[in-house]
Structures are given as structure tokens and as C-alpha cells.
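Colleague: What follows is a single structure, and I will ask about it in a moment.
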Amino acid sequence: MRARHTVLCINVGSSSCKFALYSVSGGAESLIAEGAADRIGSSGGKIRIHDANGRMLAESDRVLARPQVAVDAMFDEFERLKLPLLDAVGHRIVHGGSHHVAPEIVTAALLADLKKLIPFAPLHMPGGIEGIEAVAARHPKLPQVACFDTAFHRGMPERAERFPLPRELWDAGIRRYGFHGISYEYILHALGADVPPRLIIAHLGNGASIAAVLNGHSHDTTMGFTPAGGFMMGTRPGDLDPGVMVYLLEQKRFDAKGLAELVNLKSGLLGVSGLSADVKTLLDARATNSNAAMAIEMFCYQIRKSVGALAAALGGLDMLIFTGGIGEHAAAVRAEVCDGLAYLGIAIDPRRNDSSEDTISSADSKCRVRVIPTNENLMVARHTAGLVFE
């Protein structure tokens, strides 16, 4: 590996493009700058860039019609700020299907494969693909790496991967893929030698899932074929009785587009509360708003139920980890999730939990409970540097 390389990590979503710039040397990474281009495809687009200390380097209003425009705007700001020239770019790609089980150098063949996966994640894949193409258009000789959010789970037992559907649908790729794999992978790296045999990681954000990790490998997870499955989230319902979908199609005149909007944009915390998908907003409102209170109660109940189910899959539990924006910052949610899990040996220290300490379980808790901030960008940078420079 050369003395020092500059790696850009890009995460293009349906309405935002988040990015981070790292200096990589000798296997160690240091953040140079990070930021986001927000409100892609709508009015009021904005791009912000901070340095490693949080100091604002750039903030400007832009018309960001599509992800390619957002990527170009990001590069324009990099050049204006005279940030280091890039040596490689890594992308978080939500879906890798059943065949892409590790980070890969982007090639024309891989890009063609990813386009075939768009129906598996129609809200996420087009933006990720357009991000790759935008970088190639701007810097055609720059090596790019795709890091798949599904790859972490590809070693799950078949009994966990399969849905109880006819064999031909399994053969067609309809199975439990699981997501947030890059986040889970980062948590395992952060634990190092402290990875216990039976581990549950709860990645709680606007999109949320939980993974059961047995001896360092994914054993089961809550999200399924798409990121809409599992337990309720900000705007997604999680698992539903399939008969509900049939009823909506037959009796309520929903079509495929209407169902997609329902399960991706109008359900979950937002749907139940009728107020917001934001947990902090709902926590602040629940004392006076019964719908907000019910949304939080359901959210915590479903997480708690999922922890219990995955602990059963593991045959017990040695450690529970909270991560993601909600998992890292919402002490009230962590407390409510853990209330009632004493049968798993979980006991929370309220003072530690309110302070979001690394370990929030009490001294006599048989199961250790921790709060570990995730860093998907750093994981993407590591994979990219490992593939391109080593």
C-alpha cells in the first residue's frame, strides 16, 4: 500500500446523497471531511460539508434534480475547497442479491447485474446505481467499489433465509436477504476480540433492523426480502399479514404503486401517530398526544419481541448492542425495550442509560448491554482501500 490514499465513500438514498472523505495510510483511516446533499428531486436542495471537527466548510443551496446532479455538486465543492484528489470511491449499495456476497470492484458486468436487482429494492437501487455512473462520468479512470448491505447475512442458515413459499420462488431469488449489514460488520470490528458467542445488535434508525450473530456470523435477522420487513420503523410497517395486502388490492382498490407508497412512506411511526416519523418528536409529544404515545409503545414492544425471538434462535444471549441514530441517542427507547427482558438476564442501570455510556447494563446484569455508535462510511472506506490498494 502506498504511503497515503484518499478514499471517498458515497451513500445515495432516494432523496439524499451522504458522503465522507478519508485519508487511508498503513491500514488506518482518518476523516478529512463529510457531508450530505439533501432534498434531491424536490425544491430547497442543499449541500453541506464539515471537516473532521464539525466545522462548516461549505453550505449552499442547489437545485438537485437527481442523484447525478448531487454528485456533481459534491465534486464542485471538493474542487472549490481544494480537498485532496481522490484515489478511489466506495459506495454503499443496499442490495447485492444472492450472488454478491462481498465488496467488489465496479465493472460493467457488475453494474449490469445491479440494474437487474432494481425490482428487489426499487426505492434504493436506482440512486446507488446512478451514484456509480455519476462518478464514472466525472472521473472515468477512478476505481470504484460496491459494498453490499445484504452481504453480511449471506451465510445465514437456509431455515432462516427461506420463506414458506413454493420452491420455484426460492429459486427465483425470493428469500430473506437482511440489510444494515455494513453497520453490523462495523460493530463486530469495533468489538474486536470481545465478540461474544451469542450477540444481538439492534440498528435503530428511520430504517431499523436487528441481527442475531452466532460466533461472529449472521444467524438470523428481522428485515426480509426488502427493507420494509421486520418490525415497525419510521415510515415502514414491518411484517404484515399477507392477507392485508390481498384485501387492500381486492377491496380498497390499491394498485402496486399505492401499496409501495403505503409500506415505504406512510406507515410505521408516522402512520400510527399521524404526527411524525421522528422518535424525538414523538417522545416529546407522547405525554399529551395518545397517538404519539401508542406509536412509541408499539415501536418498543415490537423491538422487545424481536429481541426475544432472536435470543431463542441463538439459544440464549450474552450481549445486546444498540446502535443507529435512535439506538445511540434515545435513552427512553432503550429503557422501554429492555423493560421486561429480565428473563434474558438483562438489567439496565438508569444513570448509565440516561448518559448513553458505552455499557448501560447494571453491575449485576448477566447479559451485558452496550451502546456503540456505528460508522458505515468507515467500513466502506476500509473495504475500498483493501480491494484497490492492497
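Colleague: Nearest 0.05, what FRET efficiency do Leu248 and Ala293 give at R0 = 45 Å with Cβ-Cβ as r?
Modeller: E(calc), rounded to 0.05, equals 0.95.
Colleague: While we're on this one: Would you please name the GluC sites (Glu not before Pro) within the range 266-375 that are DSSP coil residues with at most 15 other C-beta atoms within 10 Å of their C-beta?
Modeller: Passing both the DSSP loop test and the Cβ count: Glu357.
Colleague: Can you list the aspartates and glutamates whose alpha carbon is less than 18 Å from that of Lys252, not counting same-chain residues fewer than 8 positions off?
Modeller: Asp241, Glu261
Colleague: So, in Å, what gap is there between the alpha-carbon centers of the range 362-382 and the range 80-153?
Modeller: 26
Colleague: Gly234: net charge of surrounding residues, Cβ under 12 Å, Lys/Arg +1, Asp/Glu -1, itself excluded?
Modeller: After counting each charged neighbour, the total is +2.
Colleague: With +1 on the Cβ of every Lys and Arg and -1 on the Cβ of every Asp and Glu, and nothing else charged, how large is the dipole of the chain about its Cα centre, in debye rounded to the nearest 20?
Modeller: Charge dipole of the chain: 300 debye, to the nearest 20.
Colleague: Shape of the chain from its Cα gyration tensor (a ≥ b ≥ c, root eigenvalues): rounded if a/c is under 1.5, otherwise prolate when a/b > b/c, or oblate? Mind dumping the intermediate values first?
Modeller: Working: a/c = 1.40, a/b = 1.26, b/c = 1.11.
Rounded is the answer for the chain, as its axis ratio a/c remains below 1.5.
Colleague: Rg to Rh ratio, the range 89-134, alpha-carbon atoms and Kirkwood radius?
Modeller: Across the range 89-134, the Cα-based Rg/Rh ratio is 0.90.
Colleague: Just going by the charge dipole of the chain, with Lys and Arg at +1 and Asp and Glu at -1 on Cβ, which of Ser356, Pro197, Ala136 is farthest out on the positive end?
Modeller: Ala136
Colleague: For a quick check: with amide H placed at 1.01 Å from N, whose amide H comes under 5 Å from Val94's, ignoring anything fewer than 5 positions away on the same chain?
Modeller: Asp149
Colleague: For a test of the definition: using alpha carbon positions, the gyration tensor, and the 1.5 limit on a/c, classify the range 186-280 as rounded, prolate or oblate.
Modeller: Numbers: a/c = 3.71, a/b = 2.06, b/c = 1.80.
Prolate.
Colleague: Once you list every other residue whose beta carbon is under 9 Å from the beta carbon of Arg304, what net charge do they have if Lys and Arg are +1 and Asp and Glu are -1?
Modeller: That works out to -1.
Colleague: Suppose only helical runs count, i.e. DSSP H with n ≥ 4. What mean residue ellipticity at 222 nm does that imply for the chain under -39500 (n - 2.57) per run, divided by all residues and rounded to the nearest 500 deg cm²/dmol?
Modeller: Values: 15 runs with 149 residues, N = 390.
Computed ellipticity for the chain at 222 nm equals -11000 deg cm²/dmol.
Colleague: Same structure again: Explain nothing, just the number: relative contact order of the chain, from Cα pairs under 8 Å at least 6 residues apart, as a whole percent.
Modeller: Computed over the chain, the figure is 14 percent.
Colleague: If you don't mind, there's one more thing I want to ask. Whose amide H sits under 5 Å from the amide H of Gly238, counting only residues 5 or more places off or on another chain, with H placed in the peptide plane?
Modeller: Met233
Colleague: Can you tell me what share of the DSSP beta bridges in the range 193-371 is antiparallel? A percent to the nearest 5 is fine.
Modeller: 60
Colleague: Quick check: from the Cα gyration tensor, does the range 193-371 come out rounded (a/c under 1.5), prolate or oblate?
Modeller: Oblate is the answer for the range 193-371, as a/c is 1.5 or above yet b/c matches or exceeds a/b.
Colleague: Nearest 20 debye, what's the magnitude of the dipole of the range 232-370 about its Cα centre given +1 on Lys and Arg Cβ and -1 on Asp and Glu Cβ?
Modeller: 160
Colleague: Using +1 at the Cβ of each Lys and Arg and -1 at the Cβ of each Asp and Glu in the chain, identify which of His5, Met125, Leu21 lies farthest towards the dipole's positive end.
Modeller: Final value for the positive-end residue is Met125.
Colleague: In nm, what is the difference between 0.36 nm times the number of residues separating Lys366 and Ser30 and their Cα-Cα distance? Before the final figure, lay out the partial values.
Modeller: Details: separation 336, 0.36 × 336 = 120.96 nm, distance 3.62 nm.
Once the chain is fully extended between Lys366 and Ser30, it gains 117.3 nm.
Colleague: Could you tell me which residue out of Ala292, Thr323, Trp170 lies farthest along the dipole of the chain toward its positive end? Charges go on the beta carbon: Lys and Arg +1, Asp and Glu -1, centred on the Cα centre.
Modeller: Checked the options; the winner is Trp170.
Where a number appears in this text, it was derived from the coordinates with a stated rule and is not lab data. The structure displayed is predicted, hence computed values, not measured ones. With ideal geometry, Cβ positions are generated from the backbone for all residues, glycine too; neighbour counts draw on all protein chains shown.
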